[in-house]
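Student: Attaching a single structure in structure tokens format; questions to follow.
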Amino acid sequence: MNSLGIYIHIPFCGRKCAYCDFYSESFRKDTVSEYVVAVVRNLRVYSDKSKITDTVYFGGGTPSLLSPEQVGMILDEINRNFRLSADAEITLEANPNTVDFRKLENLRKAGVNRLSVGLQSMVDSELKFLGRTHSADRAEKAITDAYGAGFENISCDVMIALPEQSPDSLRYTLDRITSLPIQHISGYILKTESGTPFDCDKIKNILPDDDTTAELYLEMVKLLGDRGFAQYEVSNFARRGFESRHNCRYWKCLDYIGIGASAHSCYNGRRFSVDRVLRDFINRPVQKITITDPNPCTFEEYAMLRLRLAEGLDLDDFPEYRDGILKKIPVLIKSGYINYNGNHISLTPEGFLVSNSVIEYLVF
Amino acid sequence: MANQKIRNFCIIAHIDHGKSTLADRILEKTETVAIRDMEDQLLDNMDIERERGITIKARAVRLKYTAQDGEDYIFNLIDTPGHVDFNYEVSRSLAACEGAILVVDASQGIEAQTLANTYLAIEHDLEVVPVVNKIDLPSADPERVCTEVENVIGIPAMDAPKISAKMGTNIEEVLERIVTDIPAPQGDTEKPLKALIFDSYYDSYKGVIIYVRIKEGRVKTGDNIRLMATGAVFTVVEAGFMDADKLVNNGSLEAGEVGYIAASIKSIGDTQVGDTVTNNDNPCDEALAGYRKVNPMVFSGIYPADGAKYGDLRDALEKLQLNDASLSFEPETSIALGFGFRCGFLGLLHMEIIQERLEREYNLDLITTAPSVIYKVTLTSGEVQYIDNPSNFPDPALIQVAEEPMVKADILTPSEFVGNIMELCQDRRGVFKDMQYLDDTRVNLHYELPLNEIVYDFFDVLKSRTRGYASFDYEMLGYVPSKLVKLDILLNGDIVDALSFIIHTDKAYGRARKIAEKLKENIPRQLFEVPIQAAIGGKVIARETVKAMRKDVLAKCYGGDITRKKKLLEKQKEGKKRMRQLGTVEVPQEAFMSVLKLDS
């Protein structure tokens, strides 16, 4: 039977980070209430009990700005309209400054069982550069509080390729993080997204060059591996069994419904998205969607996504593409970009670093 | 007897010295063009001409002027190309005139081109009427310039009209001088037809229109004419003169007159500039002197950036050739660039103009190879080959002697830049001949230079080293033996044929290194390391490496926005299609172009 994931976008932030291009508006209590009502309304519209829903993901923005009651309301509505499995992975993204022990306890009680903490770095000067309002110590406290509140599946985000970041300072951050009670780490290379305040020469000129970035990335992969966090995707690492089930839906072409302004869905054979307009989402009886791809999960797309995962692509599943791809791989193997083993292709860490080019060369 | 009220003349001037402006003023004063129809610089029709302030193709226009003696005169103003590339066209235009107005800038004085063309005019026995222009400029020094004209050219100039074409000052004086100083045409209207072709162009309705100066006899509608060099015979459909903006079919032309003939001529190749037109039924004894076929001097491969546009490029070249018989092209194949054409040009400017017109008027995106001259190679077998494509350069073991074309160059410059210029010419293997002071501050330097040293960027560098003050002109001298080698560029171990060129052995290393550096700058990092090598024969003399790319990854997917990621990769793929795939190496168009400008 098909399974389903639900993504809820919470587009509110106390303060917008200068590097971020996810959709968010400034936090207003009354607007958030209206927004939650709209989410609930849409969940009824999308009601689907034909599939098992086994992941829910509150992303943002800053979902931890919701009160535990609001999170509970949404999860109750999901329970009413979908077949939520007993062991469903229910993730909420949290900013360290927005949570305390009590709130975390209540979130846990409301049903959230996985917390993704936007920790970014354990070096205060790096946090300041990123425009984060919390300190390293505050982040550490948020994680230990979450652990104390009963979270057994905690993830944190780390940013690499920051100005003046050295292998040493990166090691320092990763050492501190991996000594905390966490099971999952997302390690992202900072990218200056167009339209963000970081999209300017002043910032770009101080970021590490590609060679340094590559060194930092490979250092991260190695260190986390040594600490028991295996790389399972380009930017994701986990202790065994703690890979993000929701995010894996994206890489495996599985269905997910996105609710909220700017949310994306892949559902019933179509990809679609909702406009980045808060008021529009709140006011409409049903969110307005735009079909972005009427025919998703073609071989190209499937392979593109699968090759982001360490487990890679099984060519036996695609006999008609097999020979074409096999012809192209010797040079990639020789360069150390891919592993090839019994019709199975996967990217190495060096390959992940240039995965756009490798995938484009192999598949497109 | 030819009409004694006709004056046939041209204007000689350096770029920017005001030829077109003066022509406009003359047109205006003779009321050939109603003022409201005046567009700035009327004679220069092509966009490129107007932008560069130069005249590429000759034009002619007939004007009516009532002189101070009360008589009506017919002026035929023949506009000449100003550039050395079109030297032969200039000489044919001059041959159609009895006089030339020499326009000299009142602050800048005589320039190299002016000098060359003035000497050409004197050779053709033209009456030269000096005119000092731009007297309105604060830096104008007409007296000094007049002295310079007298000293350098050796014609009286102290009473030359001092004018401002821009402000319209003293234009009447110029018009009177045309009447009084320039002789009326000679020629017997009763003799068999003898007319000089000094220009032609293709009109899609009338076929080729030829511009002629009737030297003897007459021609009228219905006559059978013969073009003596090509032997082609046509029946005249129209004969008349050129108004400022249209052809006026007069039905006939006679000795002394300048006009046009339309005769349903399909190919411009039949109507070569310098050829003689005669009456097929009553031909003249012999053709006018001075006809020669113009040969291209500079060659370059021209390829469409998008291989699918090959047909469009061919069509565009064919259309350009309709108006420009001096452009030659033939299909050529490059392993690196695919299908294209090896094109021959009169010179550098001609090459640039053609490339620019192809890109601008025909909207083509081009890749051009480094310009080459024609090398003369005598093989050990005694066979002589002329090589215009480096790919065809024979194996050194088979070469008995290789020769390259030389030019004689005149460089006019303020004396403070002499040192810079000598350094440049020496660097370009120039041989200093002599130096002549035009006045206290200006110098004419004579050099012999290999043509292949000036086809790249000589003019640009000369300009930059003299803050734009030096002017430059050259003429062909002939071939001299030279130590020439073929330099190959290899990417990832494979020769890129489109980047090969022939060079003097002493210059090979320096250029090889520069090219390797330029390529390194312009070839993006790719999945694999790309070695760049320059080699002569099998010997590598320069090396650079484009390191493998280290980072090309989308770390994060926006909340499950897979479509965005997919589009990104599709766009990346699309971008690579614009690159040339050479083995495993992807080479962008800019890389090919970057090696053409090594000193900038």
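What follows draws every value from the coordinates through simple rules; no lab data is involved. Here the structure is a predicted model, which is why all the values come from computation and not from measurement. We place every Cβ from the backbone using ideal geometry, glycine too, and count neighbours over all the protein chains shown.
Student: Considering only the protein assembly as shown, what is the antiparallel percent among its DSSP beta bridges, to the nearest 5?
Tutor: Values: 135 of 188 bridges.
Antiparallel: roughly 70 percent of the beta bridges in the protein assembly as shown.
Student: Separate question: Report the net charge of residues surrounding B:D506, where surrounding means a beta-carbon distance below 14 angstrom and charges are Lys +1, Arg +1, Asp -1, Glu -1.
Tutor: The answer is +3.
Student: Working from Cα positions, state the angle (0 to 90°, nearest 10) between the long axis of helix B:348-361 and the longest principal axis of chain B.
Tutor: Approximately 80 degrees, to the nearest ten.
Student: As an exercise, use a Förster radius of 35 Å and the Cβ-Cβ distance of A:A230 and A:Y172 to find the FRET efficiency, rounded to the nearest 0.05.
Tutor: Computed FRET efficiency for A:A230 and A:Y172: 0.95.
Student: To continue, here is another question. Calculate the mean, over all residues of peptide A:347-356, of how many other protein chain Cβ atoms lie within 10 angstrom of the residue's Cβ. Intermediate values should be presented prior to the final figure.
Tutor: Details: counts 1, 0, 0, 2, 2, 2, 6, 9, 6, 9.
Mean partner shielding for this stretch: 4.
Student: Sorted by mean Cβ packing within 10 Å, highest first, what order do the peptides B:203-210, A:336-343 take?
Tutor: Highest-to-lowest ranking by the protection proxy: B:203-210, A:336-343.
Student: A follow-up question, please. What is the angle, in °, between the Cα long axis of helix B:112-123 and the longest principal axis of the Cα atoms in chain B? Nearest 10 is fine, range 0 to 90.
Tutor: Tilt of helix B:112-123: around 40 degrees.
Student: Just to confirm the number: angle between the C-alpha axis of helix B:142-153 and the first principal axis of chain B, 0 to 90 degrees, nearest 10?
Tutor: The angle comes out near 80 degrees.
Student: Round to the nearest 0.05 the FRET efficiency obtained for B:K293 and A:R276 when R0 = 60 Å and r is the Cβ-Cβ distance.
Tutor: Taking R0 as 60 Å, the efficiency between B:K293 and A:R276 is 0.30.
Student: Follow-up question, since we're still on this one. What FRET efficiency, computed as 1/(1 + (r/R0)^6) with R0 = 25 Å and r the Cβ-Cβ distance, is obtained for B:D312 and B:K577, rounded to the nearest 0.05?
Tutor: After rounding to 0.05, the efficiency reads 0.90.
Student: Can you compute the helix-only [θ] at 222 nm over chain A? Use -39500 (n - 2.57) per DSSP H run of at least 4 residues, normalise by all residues, nearest 500 deg cm²/dmol.
Tutor: -12000 deg cm²/dmol
Student: Give me a comma-separated list of calculated 3J(HN,Hα) values for region B:481-496, in order, Karplus coefficients 6.51, -1.76, 1.60 applied at θ = phi - 60°, integers in Hz, x for any Gly or Pro.
Tutor: Working through the residues one at a time gives x, 8, 7, 9, 9, 9, 9, 10, 10, 10, 10, 6, x, 10, 5, 9 Hz.
Student: Quote the Stokes-Einstein diffusion coefficient, in whole µm² s⁻¹, for chain B, based on the Kirkwood radius over alpha carbon pairs, a temperature of 37 °C and a viscosity of 0.692 mPa s.
Tutor: The Stokes-Einstein estimate is 123 µm²/s.
Student: How do A:Y57, A:Y302, A:Y19 rank when sorted from fewest to most other Cβ atoms within 10 Å of their own Cβ? Intermediate results must be reported in sequence, preceding the final value.
Tutor: On the way: A:Y57 26, A:Y302 18, A:Y19 22.
Lowest to highest Cβ neighbour count: A:Y302, A:Y19, A:Y57.
Student: Now for a separate question. Restricting attention to the alpha-carbon atoms of region A:299-363, what are Rg (one decimal) and Dmax (integer), both in Å?
Tutor: Answer for region A:299-363, Rg first and Dmax second: 10.3, 28 Å.
Student: Using alpha-carbon positions, what is the distance between the centroids of region A:94-156 and region B:155-212, in Å?
Tutor: When both Cα centres are located, 89 Å separates them.
Student: Take the alpha-carbon centre of region B:368-385, take the same for region B:242-309, and report the distance between them in whole Å.
Tutor: About 31 Å separates the Cα centre of region B:368-385 from the one of region B:242-309.
Student: If each of A:V37 and A:T133 carries a label point 7 Å out from its Cα toward its Cβ, how far apart are those two points in nm?
Tutor: 2.6 nm
Student: Collect residues whose amide H, placed 1.01 Å from N in the peptide plane, falls under 5 Å from the amide H of B:N279; neighbours closer than 5 in sequence don't count.
Tutor: When sequence neighbours closer than 5 places are left aside, the close amide H contacts are B:L193, B:R226, B:C284.
Student: Quick one: dipole size for region A:3-251, taken about the Cα centre, charges +1 on Lys/Arg Cβ and -1 on Asp/Glu Cβ, in debye to the nearest 20.
Tutor: Details: 30 positive and 35 negative charges, 191 e Å.
Charge dipole of region A:3-251: 920 debye, to the nearest 20.
Student: Just to confirm a number: summing +1 for Lys and Arg and -1 for Asp and Glu over residues other than B:T278 whose beta-carbon lies under 9 angstrom from that of B:T278, what do you get?
Tutor: Values: positive: B:K194, B:R226; negative: none.
So the environment of B:T278 carries a net charge of +2.
Student: So, one more: Please name whichever of A:I185, A:F198, B:I261 sits farthest to the positive end of the charge dipole of the protein assembly as shown, dipole taken about the Cα centre and charges placed at Cβ: Lys and Arg +1, Asp and Glu -1.
Tutor: So the residue we want is A:I185.
Student: Given a cut-off of under 8 Å on Cα pairs at least six residues apart, what relative contact order in percent is computed for chain B?
Tutor: 10 percent
Student: What list of ³J(HN,Hα) couplings, whole Hz, do you get for region B:206-222 from phi and the Karplus terms 6.51, -1.76, 1.60, once you set θ to phi - 60° and write x for glycine and proline?
Tutor: My calculation for region B:206-222 gives 9, x, 6, 9, 9, 9, 10, 10, 7, 8, 9, x, 8, 9, 9, 3, x Hz in order.
Student: Ok, one more. Need the full-extension length gain, B:S139 to B:D460, defined as separation in residues times 0.36 nm minus the C-alpha distance. One decimal, nm. Don't jump to the answer; show the numbers that get you there.
Tutor: Working: separation 321, 0.36 × 321 = 115.56 nm, distance 2.57 nm.
Gain on stretching B:S139 to B:D460: 113.0 nm.
Student: Tell me, what is the percent relative contact order of region A:3-251, built from C-alpha pairs under 8 Å that lie six or more residues apart? List each step's numbers first, then the result.
Tutor: Working: 435 pairs, mean separation 43.5, N = 249.
After rounding, I find 17 percent.
Student: In whole Hz, with x marking every Gly and Pro, tabulate ³J(HN,Hα) for region B:16-27 from phi via Karplus 6.51 cos²θ - 1.76 cosθ + 1.60, θ = phi - 60°.
Tutor: Rounded to whole hertz, the list is 6, 8, x, 4, 5, 5, 5, 4, 4, 5, 5, 4.
Student: Among residues other than A:P68 whose Cβ falls under 11 Å from its Cβ, what is the net charge (Lys/Arg +1, Asp/Glu -1)?
Tutor: That sum, taken over residues with Cβ under 11 Å, equals +2.
Student: Using the Kyte-Doolittle scale, which helices in chain A average at least 0.0 and also have C-alpha atoms spread 15 Å or more along the helix axis, with helices defined as whole DSSP H runs?
Tutor: A:29-45
Student: Show that you can apply the helix-only estimate: for chain B, add -39,500 (n - 2.57) for every DSSP H stretch of four or more residues, divide by all residues, and state [θ] at 222 nm to the nearest 500.
Tutor: My calculation for chain B gives -7500 deg cm²/dmol from helical runs alone.
Student: What is chain A by shape, rounded, prolate or oblate, if you read a ≥ b ≥ c off the alpha carbon gyration tensor as root eigenvalues and call it rounded for a/c under 1.5, prolate for a/b larger than b/c, and oblate otherwise? Walk me through the numbers on the way to the answer.
Tutor: Details: a/c = 1.59, a/b = 1.15, b/c = 1.38.
Oblate shape, in that a/c is at least 1.5 and b/c is the bigger or equal ratio.
Student: For region B:136-253, what relative contact order do you get, as a whole percent, if you take Cα pairs closer than 8 Å and at least 6 residues apart?
Tutor: Relative contact order for region B:136-253 comes out at 14 percent.
Student: Also, quick follow-up: For region B:234-380, how big is Rg over Rh, using alpha carbon atoms and the Kirkwood form of Rh?
Tutor: Rg divided by Rh gives 1.07.
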